[in-house]
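Please treat every number below as a calculation from the coordinates, not as lab data. Since the model is a prediction, treat every value here as computed from it, not as a measurement.
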Amino acid sequence: MSKQSVVSMGALALVLVAGVARAEVQETEVEGVAAVVAGDKAVARDRAIDDAKRKAVEQVAGAQVSAESISENFELVQDRIYSRASGFVKNYQIVSELEAEGVYRVKIKAQVDQGAIAQDLSVLFADKPRVIVMVAEQNIGSKGFSYWWGNSGFVADMAMMQNTLIEKWQPRGYKFVDPALLAGKLKVKGAMQKPDVPDEAAVMLGRDADADIAVVGQVLVSDAGPVMDGLKMHSYQAVGTIRVLNIDTGEIIAVADDTAAAPHVDPNVGGRSAIKNLAAKLSEKLEGKILAKWTEEASSSRELEVVVSGVKSGKDVKELRRIIGERIRGVESVSVRRQKKGQAYLTVKVRARAPDFARDVEAQAFDGFKVETDEVTKNRVAFSVAR
């Protein structure tokens, strides 16, 4: 897991209310407005009601997430929350309505599904995985597949699948491994050099690249012939089969296959467009499955082995146990196994991934010292005490 100093989505000032898990309905009163265009008051009224619903959802969401988080990620919140305002408003009553000077105003009392909004926000702002893309592509006119992990003919700007996934997912908080930065750092040999890289090899490369998930597969473009008789413009079809691997476990967490086409007079450009269209279709299919698995893992309880070096006394251990038990999100229990030669060994049961737990602990203010993260694996976290 990456320990780079990147501001992740989960590190934003997200403050979900304690009742996230409860499907509560919150009642709020808001006013919506809309301009009366061409004298059509009926349309203006409908738009004013929609505006009021959106404001009701904004108000409930704003009580659960810091204003700074919403401001910095407005496009994301707009896409996933505000644009679906009507779905979060379970019921509403019109309190008053008025049309004056070309503006229609409607005040409503809305019942908003606070629990559903909280759940969507928790998914939205949770840390997204760090992705390594290992998709081999063969366009029209190419003698073979192009792929960065073993092909000297690879050109970065031709990696349409990777570039499109970055375009679609990066604004939503996903982080990507840049293959150009791995040159000379990874040992790629044997089966790893093939375009159809085996799962085991992909997982090994992913671990070396400090990724969380690997998007693996192949895309092949073919010429489907002229779009119409007598025209030079051909239809180019991209066929892709993709799977997503969990780097920690090697588990396949998502699979998808699809086709997409694009017409063009230039075979190379047409092929690239077909791959881009295919990637756009696959990105939606894959992300839903990835998020479902990722959030499930984040909310599941697990036992972490926690080792803290630089401990001087039982007082330090007591402080560690207190802070971790009382202030760290998702912690269910903390037990001290032993203390020996300046090291404390703890077992922590927590509903969070090890990297998220480590980040939260490192951010705490301990009495007389602070802790720094030394190592994080799936089930183990090592800290050192700094004074």
- Tell me which lysines have Cα within less than 27 Å of Lys315's Cα, excluding those fewer than 8 residues away on the same chain? Lys340, Lys341, Lys349, Lys370
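Scaled to the compact-protein estimate 2.2 N^0.38 Å, what is the alpha-carbon radius of gyration of the chain, rounded to two decimal places?
Taking the Cα Rg and dividing by 2.2 N^0.38 Å, one obtains 1.23.
Taking only complete DSSP H runs, can you tell me which helices of the chain stretch 15 Å or more along their own long axis by Cα positions and average at least 0.0 on the Kyte-Doolittle scale?
On the way: long enough: 41-62 (31 Å, -0.69); 114-125 (16 Å, 0.92); 267-299 (47 Å, -0.44); 314-327 (19 Å, -1.11).
Answer set is 114-125.
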- Query: Is there a pair in Lys175/Lys285; Lys128/Lys281; Lys53/Lys128; Lys175/Lys281; Lys175/Lys289 whose C-alpha atoms are over 22 Å apart, and which pairs would that be?
  - Reply: Lys53/Lys128
- Item | Cα-Cα P(r), the range 317-387, percent of pairs per 10 Å interval | 19, 62, 18
- Query: Long-range amide H contacts for Val103: which residues qualify at under 5 Å (H placed 1.01 Å from N, peptide plane, sequence gap of 5 or more or a different chain)?
  - Reply: Val36
- Task: Quick one: work out Rg over Rh on the C-alpha atoms of the range 228-322, Rh as Kirkwood radius.
- Result: 1.39
- Task: From zero up to wherever the largest Cα-Cα distance of the range 237-287 sits, split into 5 Å bins and tell me the percent of pairs in each.
- Result: 5, 22, 23, 17, 13, 10, 6, 3, 1, 0
- May I ask for log10 I(q)/I(0) of the range 130-297 at q = 0.09, 0.14 Å⁻¹, from a Debye sum over the Cα atoms as equal point scatterers with solvent left out? -0.30, -0.70
- The ³J(HN,Hα) series, computed from each phi in the range 337-345 with the Karplus coefficients 6.51, -1.76 and 1.60 at θ = phi - 60°, rounded to the nearest Hz and given as x for glycine or proline, is 7, 6, 10, 8, 6, x, 10, 10, 10
